[in-house]
Amino acid sequence: MHLSELSHPNQLHGLSTAELEAIARQIRERHLEVVSTSGGHLGPGLGVVELTLALYQTLDLERDKVVWDVGHQAYPHKLVTGRYKNFDSLRQKNGVAGYLKRSESRFDHFGAGHASTSISAALGMALARDRRGEDFKCVAVIGDGALTGGMALEAINHAGHLPKTKLLVVLNDNDMSISPPVGALSTYLNRMRLSPPLQFLQGNAEEAIKHLPFLHGELPNELKTLKESMKRLAVPKVGAVFEELGFTYIGPIDGHDIAGMVRTFEQAHRTEGPVLVHVATTKGKGYAYAEADQVGYHAQSAFDLATGKAYPSSKPKPPGYSKVFGQTLVKLCEQDPTVVGITAAMATGTGLDLLEKALPDQYFDVGIAEQHAVTMAAGMACEGLKPVVAIYSTFLQRAFDQLIHDVGIQNLPVTFVLDRAGIVGADGPTHQGQYDISYFRAIPNFTVMAPKDEGELQRMLVTSIQHSGPCALRIPRGEGEGVPLAEEGFLPLEIGRGELLTDGDDLLIVAYGAMVSPAMATAGLLQEKGMRAAVINARFLRPLDEALILPMAQRIGRVVTMEEAALAGGFGSAVVEALVDHNVLVPVLRIGIADVLVDHASPDQSKQSLGLTPPQMAERILERYGSPLASNLAGASQPVAA
């Protein structure tokens with residue numbers, strides 16, 4: 001059988017080990033072919049090919065449920081569930097999603113783009129199964145990185161207290177530095193410990209001892225201790241932790257030995273209660289470059305398969321916002337040893353890898369633990385440090401309570417740099433940074449800002465670090481505007497002060513962050529139609545520069561706000577509220593992301609779909625306000641229209 005013939009994972013049943021190994025090679029070939037052409041996650045999927053095939057040999061996916069944590073390790077799953085032919089559309093508009101989506105396939109039992117959710121979801125399915133009197137298997141597959149997330153540990157703690165609930169957790173451990181050795185001894189001990197005869201003897205012997213007349217149904221403490229000691233002989237140290245939490249632990253086993261994993265999974269399915277199978281895999285397995293550089297090949301843009309190198313850009317690009325942030329933070333840390341950087345397992349993505357290399361003592365990576373990162377930063381601020389927490393906008397959502405309770409209410413000087421704020425592109429709705437403006441508007445004491453370019457980013461970073469209270473700074477994904485950058489002597493901005501970029505009498509455009517450049521382009525298009533627009537770079541969301549915005553809105557009589565974020569409770573809403581509060585009743589057109597989920601596509605395609613390109617915005621403004629003369633005559637008497 002060839003991989004292309006698979007439309008249902010149950011077709012894997014009955015295949016020999018040799019046939020499954022052939023399918024594994026085909027999965028890797030297809031995976032590498034597609035990702036090298038269009039980009040995507042590489043290392044995670046390559047590492048779980050054999051795990052996927054072995055697990056699915058032991059499941060009936062017509063009935064059984066599998067929850068893959070995060071989803072970027074589930075490319076092999078996609079390839080054996082009927083998406084082989086469309087796989088070359090991976091992460092492209094209207095194509096195969098980069099993460100699991102319930103709406104894409106009936107075999108995607110739970111969607112996820114954020115880590116550490118799988119055990120909770122699978123446990124919920126198992127509890128629903130038991131409550132309804134049904135009989136099917138529930139499996140969570142989670143990586144060792146995601147296991148650092150507090151939510152995963154909370155789920156393990158809960159599941160361990162449900163000894164009658166059958167749940168299988170597969171720990172995909174691709175970091176062998178923290179794992180005990182894989183070998184025949186551990187395999188033998190697990191097989192012996194969990195064999196039906198030994199389980200039978202252990203259970204019956206215990207019951208027999210309990211029923212001796214002089215023990216009154218209780219096992220003596222000495223025998224309890226002996227029982228636990230014997231169990232420890234068969235469980236490696238890492239497994240003892242899970243055993244203490246109520247799981248039956250099996251492993252570690254070789255994650256590239258299909259036959260061995262099939263036997264182990266079948267054994268796990270026969271075991272009562274929650275079971276954890278510890279599988280040791282190699283991230284990037286089968287592609288030498290990915291095995292050698294597991295961080296660099298976690299995800300890749302298009303690259304040359306033969307050399308492993310990314311294709312060079314056709315023209316030089318300005319440095320990305322993340323890189324400028326990282327470089328600037330390094331310089332600020334060099335000047336002030338009380339400044340520290342914190343990330344939640346995203347050092348490379350946020351630019352903090354530069355700080356890690358330059359000043360490791362001023363760098364902290366807490367793992368996938370955003371809540372902990374925020375509160376740890378608050379504790380640091382209490383003791384005189386100046387923490388800078390760099391987290392993707394979408395991931396900081398997970399620490400909303402900590403932002404309020406631990407930072408905002410206590411007015412602590414912590415700086416948050418929200419990377420990937422706005423449209424992120426191919427990662428889809430789980431990763432769009434479209435909500436941070438709305439949720440930060442409501443948090444007490446925060447100063448909230450966004451730069452129009454990478455030069456202003458530098459000034460906002462030093463502004464935030466020097467401020468005596470909490471600050472949030474959002475930056476977009478991708479390259480900057482190509483403006484000159486300061487090497488040192490970064491000048492802080494006056495908090496709450498925007499800037500007038502160009503003046504006009506027909507329209508006032510108030511733009512925030514990444515929308516300033518498109519706003520200027522839109523104003524240029526309107527100028528060609530005879531409409532002269534004033535453009536304000538707001539810079540600050542909190543506090544809003546009312547002294548600049550309100551008089552100009554009153555004078556011009558027509559306002560447009562622009563933001564690359566959700567309109568609900570967003571920047572435009574802040575402007576409207578300020579106008580109403582000061583009785584400046586002029587019409588307002590808010591441009592941003594409507595109440596929709598932004599699906600995977602390139603950033604440019606997403607902006608086109610949302611109507612956020614300068615030509616689209618200019619057309620919409622002209623439709624709303626008409627000719628300059630007509631709008632001038634009508635503007636003063638119109639109520640606010642958001």
Self-check item: Filter result for residue 407 (among the aliphatic types (A, V, I, L, M), part of a strand (DSSP E or B) and either surrounded by 23 or more Cβ atoms within 10 Å (Cβ to Cβ) or modelled with pLDDT under 95 (or both))
Solution: no
Quiz item: Has segment 618-626 got at least one residue that is open to solvent by 10 Å² or more (accessible area, probe 1.4 Å) and at pLDDT below 90?
Solution: yes
Self-check item: Among the residues listed as 285, 309, 315, 386, the single one being surrounded by 18 or more Cβ atoms within 10 Å (Cβ to Cβ) and either among the hydroxyl-bearing types (Ser, Thr, Tyr) or closer than 30 Å to residue 89 by Cβ (or both)
Solution: 285
Practice problem: Just give me the residues in segment 439-479 being at pLDDT 95 or above, within 18 Å of residue 517 (Cα to Cα), of a type outside the set (Asp, Glu) and surrounded by 22 or more Cβ atoms within 10 Å (Cβ to Cβ), in sequence order. | Solution: 449, 450, 451, 452, 457, 458, 460, 473, 474, 475, 476
Quiz item: Within segment 1-57, which helices (runs of 4 or more DSSP H) (wholly inside it) include 3 or more residues that are more than 20 Å from residue 173 (Cβ to Cβ) and open to solvent by less than 50 Å² (accessible area, probe 1.4 Å)?
Solution: 17-38
Quiz prompt | Only listed residue being more than 24 Å from residue 45 (Cβ to Cβ) and under 28 Å from the mean Cα position of the chain (by Cα), chosen from 142, 156 | solution = 156
Quiz item: Which helices (runs of 4 or more DSSP H) does segment 64-170 wholly contain that include 3 or more residues that are free of Cβ contacts under 8 Å to residues at least 24 places away in the same chain and touching a strand residue (DSSP E or B) at 6+ places or on another chain (Cβ under 8 Å)?
Solution: none
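Yes/no matrix, rows are residues, columns are (1) within 21 Å of residue 294 (Cα to Cα); (2) modelled with pLDDT of 95 or more:
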position	(1), (2)
347	yes, no
351	yes, yes
354	yes, yes
357	yes, yes
362	no, yes
366	yes, no
376	no, yes
384	no, yes
389	no, yes
Quiz item: Quick check, is residue 416 open to solvent by less than 10 Å² (accessible area, probe 1.4 Å) and either aromatic (Phe, Trp, Tyr) or part of a helix (DSSP H, G or I) (or both)?
Solution: yes
Quiz item: What are the residues in segment 291-306 that are of a type in the set (A, V, I, L, M), open to solvent by 50 Å² or more (accessible area, probe 1.4 Å) and at pLDDT 85 or above, if any?
Solution: 292, 305, 306
Practice problem: Name the residue, out of 546, 528, that is of a type in the set (D, E, K, R) and buried (at least 17 other Cβ atoms within 10 Å of the Cβ). | Solution: 546
Quiz prompt | Selection count, segment 268-282, where residues are open to solvent by less than 10 Å² (accessible area, probe 1.4 Å) and over 15 Å from residue 249 (Cβ atoms) | solution = 1
Quiz item: Is one or more of the residues making up segment 569-578 within 30 Å of residue 39 (Cα to Cα), modelled with pLDDT of 95 or more and among the polar types (S, T, N, Q)?
Solution: no
Quiz item: Is there a residue in segment 83-90 that is open to solvent by less than 40 Å² (accessible area, probe 1.4 Å) and either within 23 Å of residue 148 (Cα to Cα) or of a type in the set (Asp, Glu) (or both)?
Solution: no
Exercise. Please report, ordered by residue number, the strands (runs of 3 or more DSSP E) entirely within segment 424-524 with at least 1 residues that are in contact (Cβ under 8 Å) with a residue 60 or more places away in the chain and of a type outside the set (Val, Ile, Thr).
Key: 447-449, 471-474, 507-511
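The values are calculated or read from the model by the stated rules, or taken from the named source; none is laboratory data. These figures come from a predicted structure and were not determined experimentally. So basically every Cβ, Gly included, is an ideal-geometry build from the backbone, and we count neighbours across all protein chains shown. These area figures cover heavy atoms from the full protein model, side chains too; ligands, DNA and RNA do not enter into them. Shrake-Rupley method; radii C 1.70, N 1.55, O 1.52, S 1.80 Å.
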